[in-house]
Amino acid sequence: KNKDDVTGVTFYKSGFTDPHYYNTNKSSIYIASKNKIHTLRIRISYTDENWIFFDNAYLSYEGNTAEIKFDDYKEKHTDVLGGGRGVAEWIDVKVLDSTSLYYLRKFSESSSAKIRLQGKSFSKDRFLTRNEKKGFIEILNGLEALKNKK
């Protein structure tokens, strides 16, 4: 839990996935909370020697696929890493509805949870690590607790 005293937003992040630097291959979810409004967000980052220039991001488990919608201009970021360390691409977007929450729970509990970042010419698939899945579950449980708090 970390409160931004300028904006008044409290962030809840999992120790299994935080810190989540943009120059890593990682996926995490976190909660941004203000005035008892709790917003779940998902962050997906990619780094390598080559660009994907991804236009689409997908979560998949056991044949169930969900697309993560994002605005290329507002929510997608790219960077060339210094010292010849390659490139980074990442998104940080709001999770929109309760169907998504149910999907994220099933996704994080699955042994086959993977992410695909897809561009016009290239794509990259990656299975979630044990800690990423634990982080998803911890934050989903935290969101449920916050919503049930009186």
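Quick check: is even one residue across the stretch 118-137 open to solvent by 80 Å² or more (accessible area, probe 1.4 Å), in a loop (DSSP other than H, G, I, E, B) and among the aromatic types (Phe, Trp, Tyr)? Within the stretch 118-137, one or more residues are open to solvent by 80 Å² or more (accessible area, probe 1.4 Å), in a loop (DSSP other than H, G, I, E, B) and among the aromatic types (Phe, Trp, Tyr). When 15, 86, 8 are checked against the criterion of being small (Gly, Ala, Ser) and within 29 Å of residue 121 (Cβ to Cβ), 86 stands alone in meeting it.
For residue 1, the conditions (1) out of contact with any Ser or Thr (no Cβ under 7 Å at 6 or more places or on another chain); (2) open to solvent by 70 Å² or more (accessible area, probe 1.4 Å) all hold with the exception of (1).
For residue 33, the stated conditions hold: it is among the polar types (S, T, N, Q), more than 14 Å from the chain's Cα centre (by Cα), surrounded by 15 or more Cβ atoms within 10 Å (Cβ to Cβ) and within 20 Å of residue 98 (Cα to Cα). If the condition is being closer than 14 Å to residue 31 by Cα, not acidic (Asp, Glu) and not in a helix (DSSP H, G or I), then the stretch 92-117 contributes 93, 94, 95, 96. Hey, can you tell me all the residues within the stretch 25-41 that are under 30 Å from residue 122 (Cβ atoms) and in contact (Cβ under 8 Å) with a residue 60 or more places away in the chain? 25, 26, 27, 28, 29, 30, 40, listed by residue number.
Here residue 118 fulfils each of the conditions (1) within 16 Å of the chain's Cα centre (by Cα); (2) closer than 19 Å to residue 15 by Cβ; (3) touching a residue at least 60 places away in the same chain (Cβ under 8 Å) apart from (2). So is residue 65 of a type in the set (S, T, N, Q), open to solvent by 70 Å² or more (accessible area, probe 1.4 Å) and in a strand (DSSP E or B) or not? In short, yes.
Pairing each residue of the stretch 60-86 that is touching a residue at least 24 places away in the same chain (Cβ under 8 Å) with any residue that is polar (S, T, N, Q) and in a helix (DSSP H, G or I), provided the two are 6+ apart or on different chains, yields no C-beta distance under 7 Å.
The values are calculated or read from the model by the stated rules, or taken from the named source; none is laboratory data. Just so it is clear, the structure is predicted and the values come from calculations on it, not from any experiment. Every residue, glycine among them, receives a Cβ derived from its backbone with ideal geometry; neighbour counts consider all protein chains shown. Side chains included, ligands, DNA and RNA excluded: accessible areas come from the protein's heavy atoms. Shrake-Rupley method; radii C 1.70, N 1.55, O 1.52, S 1.80 Å.
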